[in-house]
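Here the structure is laid out as structure tokens; the discussion comes afterwards.
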């Protein structure tokens, strides 16, 4: 059972988590072949799984905190271990393939960020199992949930194809995938434009002819 002063936070967190998970399902269902299906790029599958795991983590921890007789530490323990195992599985799938060092760095940072957050969750879960009314541990957990929500929303925003700039844009796991998609599109647009110009201004078309209408002088 959580301290009563945190009840409003977990109520709001549960409502927000349910709405965000539903929106993520809708976003993925628009084009699942590009995000979660077998033929989708591995980076997109990883980002989709990371966003889904983050939002579910915050939702179920918040929901478990509202159960009157439950120990928040046990719920947090289960969800943090789920997050750690999911991150390790994603890391193995991403880093076991040969890739450029830039992509390897981005995937490593994605993995390390998730492991750090879920590792702290695991630490406070053990603390709450020992002392369920520890206000400091509950406060730290609420701050972690805000970070988890932020990570989930950032990954979901990247999954929709939104471009980011600067250092954070360079570190995005989907940067190379988006570049591969944009480049063929630009080439196709340029070739279409060139072909339309050729149709309007043909290089070797027939020369215009002048109609011959000589004046004929008839003699009577």
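Taking neighbour counts of Cβ atoms within 10 Å as a proxy for exposure, in what order, fewest first, do 118, 149 appear?
Values: 118 26, 149 20.
In increasing order of surrounding Cβ atoms, one gets 149, 118.
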> Counting other C-beta atoms within 10 Å, which of 28, 67, 61 has the fewest, and how do the rest follow?
Replying inline: 67, 28, 61
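Going by how many other beta carbons lie within 10 Å of each one, how would you line up 155, 44, fewest first?
On the way: 155 25, 44 21.
Fewest-to-most ranking of 155, 44: 44, 155.
None of the figures in this text is laboratory data; all of them are computed from the coordinates on show. Treat the numbers as computed from the prediction; the structure is a model and nothing was measured. Note that each Cβ is placed from the backbone with ideal geometry, even for glycine, and that neighbours are counted across all protein chains shown.
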